[in-house]
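Please treat every number below as a calculation from the coordinates, not as lab data. Computed from a prediction, not measured in an experiment: that's the story for all the values here. Counting neighbours? That spans all protein chains shown, and the Cβs are built from the backbone with ideal geometry, glycine included.
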Amino acid sequence: MAVPKRKKSRSNTRHRRSQWKTAVPTLVACPQCREPKLPHIACSACGTYDRRQVIAPSA
Amino acid sequence: MPQPTKGARLGGSPAHEKLILANLATSLFEHGRIKTTEAKARRLRPLAEKLITKAKRGDLAARRQVLTVVRDKGVVHTLFAEIGPKFADRPGGYTRITKIEPRKGDNAPMAIIELVQEPLVGKVTTRKAEPVAEVAEPAAEVVEAEAPEAAPEVAPEVTEDVAEEAAEVK
């Protein structure tokens with residue numbers, strides 16, 4: 001089985017992991033309850049989409 | 001050259017895909033609305049709408065064709081007795097897909113697919129209708145259809161109960 005010949009240095013490891021970032025999701029205000037929500041997706045707080053009740057509200 | 005089916009391939013084999021879609025269609029007609037992944041909802045929509053079109057035809061041949069997909073006779077009966085007549089004057093677009101928050105666990109994009117319950121509003125334009133004869137008529141009806149939607153936008157702080165009533169009216 002192929003195995004690494006050399007130990008990976010801390011520097012290399014940390015340089016690689018410095019590119020591992022999270023991205024901020026795009027959010028819009030719900031027209032019904034003004035909570036931030038994902039665009040084109042039913043609001044999880046009030047459960048409406050396009051002012052139509054789609055799912056049960058979480059609160 | 002055959003045109004590939006639009007949308008994602010489901011399951012592990014064509015037979016599995018067929019079974020998944022048949023089960024989803026059965027559940028949709030049984031419950032009226034189902035929650036599933038967005039990819040499955042997008043594949044289910046054309047199949048379900050074709051089955052409803054067959055149910056609107058209502059004859060024995062159509063019923064046998066539907067029974068090859070939906071194996072449950074009780075569900076096929078509700079489809080032909082209730083769902084088909086309900087959509088008698090609706091020219092297609094019997095189902096609605098609404099995206100909802102991604103699933104906890106695997107972050108899969110989820111959606112709710114439902115049979116449209118609201119009565120048909122506005123002018124129905126069929127493909128065979130002559131556009132020359134009816135120019136003034138559709139414009140007036142479109143304004144009427146949009147009026148209830150415009151009303152809630154004026155007051156953004158409407159409570160949930162009021163919004164639900166508005167949805168029912170609409």
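Comparing Cα centroids, the range B:40-66 and the range B:1-34 end up 13 angstrom apart.
The residues neighbouring B:GLU17, those whose beta-carbon lies less than 11 Å from its own, together hold a net charge of +4 under the Lys/Arg +1, Asp/Glu -1 convention. Mind checking which lysines have their Cα closer than 28 Å to the Cα of A:LYS7? Skip sequence neighbours fewer than 8 apart in that chain. In chain and number order, the partners are A:LYS21. Scoring B:25-35, A:24-34 by mean Cβ neighbours within 10 Å over their residues and listing the highest first yields B:25-35, A:24-34.
For B:LYS6, the lysines whose Cα falls under 22 Å of its own Cα, not counting residues fewer than eight places away in the same chain, are B:LYS18, B:LYS35, B:LYS40, B:LYS50, B:LYS54, B:LYS99. Projecting label points 7 angstrom from Cα along Cα→Cβ for B:ARG71 and A:GLN19 puts them 5.0 nm apart.
Charges were assigned to the Cβ only: +1 to each Lys and Arg, -1 to each Asp and Glu. The resulting dipole of chain A about its Cα centre is roughly 940 debye. In this entry, the range B:1-89 is assigned a mean projected area of 6.6 nm², taken as a quarter of its C-alpha convex hull surface. Averaged over the residues of B:112-119, the number of partner chain Cβ atoms lying within 10 Å of the residue Cβ comes to 1.
Charge dipole (Cα centre; +1 on Lys/Arg Cβ, -1 on Asp/Glu Cβ; no other charges) of the range B:1-112 amounts to roughly 140 debye.
A cut-off of 5 Å between modelled amide H atoms, ignoring neighbours fewer than 5 places along the same chain, links A:GLY47 with A:SER58. Taken over the C-alpha atoms, chain A has Rg and Dmax values of 21.9, 61 angstrom. Per residue of peptide B:11-24, the mean number of Cβ atoms on other chains within 10 Å of the residue Cβ is 0. Chain A and the range B:86-111 have Cα centres spaced 22 Å apart.
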